[in-house]
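Data block below; observations after.
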Amino acid sequence: MSGKPRKNPALNLERFREAKLFVISAPSGSGKTTLCRKLLNGALGLANSISMTTRPKRPGEIDGRDYHFVSEKYFRSAIKKKGFLEYEENFGHLYGTPKKLIEARIAGGKSVLLSIDVKGAMKVRSAYPKETVLIFIMPPSFGILKKRLCSRKSDAEKAISGRLKLAKKEISYKNRYDYTVVNDRLAVAFKRLKKIVASELMKG
């Protein structure tokens, strides 16, 4: 189904009921990024929502694929222009979901995948309660989570400690999500995740 976006997104949401926002959240180091990439390549027809951030690129990351990397001045200018569906500050850096693309996708009946934190997820659900499907990715254990964070070698020991502390807070939100997927084995977690998305898409 297709159509030109209208000025009133509410009308489009009524018309294109099958369009959904799949929001995936997880503690840092849980494998969320890898699972999202596989999901986007999983022939489900999902559009990717690329977040904007002020943090520096990590090794292997590509601007426009992993994030839109921008200056703090640019980001705060976008805030003033109400250009974000949601935004948060974590570990001294800003992260946000550009609103314009999401509205255009929903207006055109296209489902979107968003990889954002728990606070952002709650804001998206508040903005689009009927269209949002929340999925939380859990690590098998805190020990494994710490091991994964250390193996990245992109964070100092103090930063890793902070991420583990934040992880406990994020996990406290998991009961607010529609689904929880434990990423013990990547292939199994992806199979479960893909099945959830396919099932939701079939509901229309």
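The values are calculated or read from the model by the stated rules, or taken from the named source; none is laboratory data. Bear in mind the structure is a predicted one, so any value in this text is a computation, not a measurement. A quick note on method: Cβ atoms are made from the backbone with ideal geometry, for glycine too, and the neighbour counts reach across all protein chains shown.
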- Item | Checklist (1) modelled with pLDDT under 90; (2) more than 18 Å from Ile196 (Cβ to Cβ); (3) touching a helix residue (DSSP H, G or I) at 6+ places or on another chain (Cβ under 6 Å) applied to Arg17, failing item | (3)
- Query: Taking region 20-35 as the region of interest, how many residues are outside any strand (DSSP E or B), in contact with a helix residue (DSSP H, G or I) (Cβ under 9 Å, 6 or more places away or on another chain) and crowded, with 17+ Cβ neighbours inside 10 Å?
  - Reply: 8
- Note on the structure: Those residues of region 116-150 which are part of a helix (DSSP H, G or I), over 14 Å from Ser49 (Cα atoms) and touching a Phe, Trp or Tyr at 6+ places or on another chain (Cβ under 8 Å) amount to Val118, Met122
- Query: Among the residues of region 69-85, is there at least one that is farther than 20 Å from Tyr173 by Cα, under 19 Å from the mean Cα position of the chain (by Cα), at pLDDT below 95 and not in a strand (DSSP E or B)?
  - Reply: no
- Residues located in region 169-190, provided they are surrounded by 14 or more Cβ atoms within 10 Å (Cβ to Cβ) and assigned to a helix (DSSP H, G or I): Glu170, Ile171, Lys174, Ala189, Phe190
- Task: For region 148-204, enumerate the residues that are modelled with pLDDT under 90, more than 18 Å from the chain's Cα centre (by Cα) and of a type in the set (A, V, I, L, M).
- Result: Leu149, Ala156, Ala159, Ile160, Leu164, Met202
- Query: Looking at region 43-55, is at least one residue at negative phi, modelled with pLDDT of 95 or more, out of contact with any Phe, Trp or Tyr (no Cβ under 7 Å at 6 or more places or on another chain) and in a helix (DSSP H, G or I)?
  - Reply: no
- Inspect all residues belonging to region 130-139 and state whether any of them is out of contact with any strand residue (DSSP E or B) (no Cβ under 8 Å at 6 or more places or on another chain), over 30 Å from Ala107 (Cβ atoms) and modelled with pLDDT of 80 or more. no
- In region 61-88, anything loosely packed, with under 12 Cβ neighbours inside 10 Å and within 24 Å of Val112 (Cα to Cα) is listed as Ile62, Asp63, Gly64, Arg65, Lys81, Lys82
- Item | Residues being assigned to a helix (DSSP H, G or I) and surrounded by fewer than 18 Cβ atoms within 10 Å (Cβ to Cβ) - total across region 100-115 | 4
